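Scroll down for the structure; my scribbles are underneath it.
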Amino acid sequence: MSPDEKRRPLTLMILVTVAYLVTEIIYNVGLVRMLSSPGLSSESIHGMEVVGKTLASIGITLALSRLVPLGRIWRYVALIALIYWGLGVLIDHEIDQLPEETRQTGHWLGLYRVALLEGKNQAPEWRHDGQELTLEQRLVAANMALLLYGERTAVEPVVRQFVTERVAEKFSAITLQPSLERFWPTYNRISTQLYPHWLRYRQHVQRFEHRTPGTAEFVTRMEHNAWVGLKLRSYGDTKLFEGNAALGLTPVFARDIPPFLSHEQLKQHFRLLLEQGKGRVISVYLPGSSAGTDLSRDLALSVFVPPVSMSLSLLSISLNLAVLASLFVAWALAGIRHSNRAVMVVLDRLPLLTMVSVLVVLFWRSDLPFSGESPFQRTAVAAEQHGVWAQIWVWAIAHEPLLLQSVGQLHFVRSASDRLPALGRPFKSSEGVVGVVAR
């Protein structure tokens, strides 16, 4: 076989590996930048998870193909699909098996990240005044789950203040005056027509039952009256406020407003209903509410899955850089012939030795990017004691700056990476709690 014939499949593999590496690097940079940007939505997180698992499956398959030649295309496709399925099952299983306490911690930390990115924490290390985040701030935002291994005393007050302020902003945007002004003439007419009936009903109950009835009881009784019941029920179905499904607010109907109020009392009553709704929304968004179970899972996903995606991505990049180095060596050695059998054995083993050497260099210990007094420095050291996956995670955090500060600074890489979160929209239709609170 001629040297050109030997190099042809190697050239194809080099091109495929380079294309994969470029795509994976863009994804990795995009993931960190997305997680450290305000306005994060659950669609973006879900979409980036799908893209990340797909790329990781391709990358692991390419790396394995250098150790165990797969030969046919269908074997590559089958292995990619199998790894993708396995990663999905593993991640879903781990999230579903999280203890309730851990899931609630993920709820707190997910909201904490949003609060930090919105500038609600005045700690010096988090002040960015709208400027570009530092490398440390970006890695903290992408790895908020590290606080699971340390003190979380600063998290709760920041989250409570942030949620209260954000919900208040949402409610202040609800315009009540036009709907109330349109409703007032109808309300006043109905109240005027009902008032004589109310007086008679109240006197009757007080005289024969020795109690004072409420207006809600009276209205319910009148809705079953043969003369005015149909008209009153139609009036009660009048919708005054559409509600807000994203905030968990139910609509307000005319039957929810007691009769016989003055114009000012009507406005005050409506404001009271909204204040009560505000309190319910705040209690749902904070962890611990039975109504917030789905919200907790959504936020836990946003905290615990992205570090896995980042670590798998960087691991796959490292493996395929080693693969690429071995492919270049194999390509350079193609066609070399030597009469000495021992020399040929060494040359045949050289691509594999190159691959191992590159992996040793890439996996060499590196310092964590957090300042010494940062709680994330302490918690990263603590996390490393929790098994192999935690060690890979901490290794990824330590080596991520090498990527972000090198090719991650290229304009085309950053431009392409900032477009990636839009891929989340086709994968999840509902906005979810992360997007609602963030925006």
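The table below gives the values:
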read-out	value
Listed peptides 104-110, 314-320 by packing density, highest first (mean Cβ within 10 Å)	104-110, 314-320
Environment charge of Ala142, counting only residues whose C-beta is closer than 14 Å and scoring Lys/Arg +1, Asp/Glu -1	0
Phi to ³J(HN,Hα) by Karplus 6.51 cos²θ - 1.76 cosθ + 1.60 over region 305-317, Hz, x for Gly, Pro	7, x, x, 5, 4, 4, 5, 4, 5, 5, 4, 5, 4
Cβ-derived FRET efficiency at R0 41 Å, Thr11 paired with Glu373, nearest 0.05	0.20
Potential extension, Glu132-Thr238 segment - 0.36 nm per residue separation minus Cα distance	33.2 nm
Spin-label pair Leu67/Ala154, simplified geometry with 7 Å Cα→Cβ offset, distance in nm	4.1 nm
Under the Karplus curve 6.51 cos²θ - 1.76 cosθ + 1.60, θ = phi - 60°, whole-Hz ³J(HN,Hα) for region 232-238, x wherever Gly or Pro sits	5, 5, 4, 4, x, 7, 5
Solvent exposure of region 4-79 as accessible area per residue, Å², 1.4 Å probe	44 Å²
Val22/Arg419 FRET efficiency (R0 22 Å; Cβ-Cβ; nearest 0.05)	0.90
Among 93-99, 73-79, 60-66, 217-223, the order from most to least packed when residues are scored by Cβ within 10 Å on average	60-66, 217-223, 73-79, 93-99
Förster radius 56 Å - calculated FRET efficiency between Glu181 and Glu101, Cβ distance, rounded to 0.05	0.70
Cβ-based net charge around Leu319, under 13 Å, with every Lys or Arg adding one and every Asp or Glu removing one	0
P(r), alpha carbons of region 194-264 - 10 Å bins starting at zero, rounded %	18, 41, 28, 11, 2
Separation of the His197 and Ile282 label points, Cα + 7 Å toward Cβ, nm	3.9 nm
Candidate residues Phe208, Phe270: accessible-area rank, largest first, probe 1.4 Å	Phe208, Phe270
Counted charge near Gln203, where neighbours are those whose Cβ lies closer than 15 Å (Asp, Glu -1; Lys, Arg +1)	+3
Amide H contacts of Leu240 (H built 1.01 Å from N, under 5 Å, at least 5 apart or other chain)	Val252, Phe253, Ala254
Virtual spin-label span in nm between His204 and Leu82, 7 Å along Cα→Cβ	8.0 nm
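The values are calculated or read from the model by the stated rules, or taken from the named source; none is laboratory data. All values derive from a computational prediction rather than experimental measurement. Note: ideal-geometry Cβ built from the backbone for every residue, glycine included; neighbour counts use all protein chains shown. When the accessible area is computed, the model is the full protein with side chains, heavy atoms only, and any ligands, DNA or RNA have been set aside. Shrake-Rupley method; radii C 1.70, N 1.55, O 1.52, S 1.80 Å.
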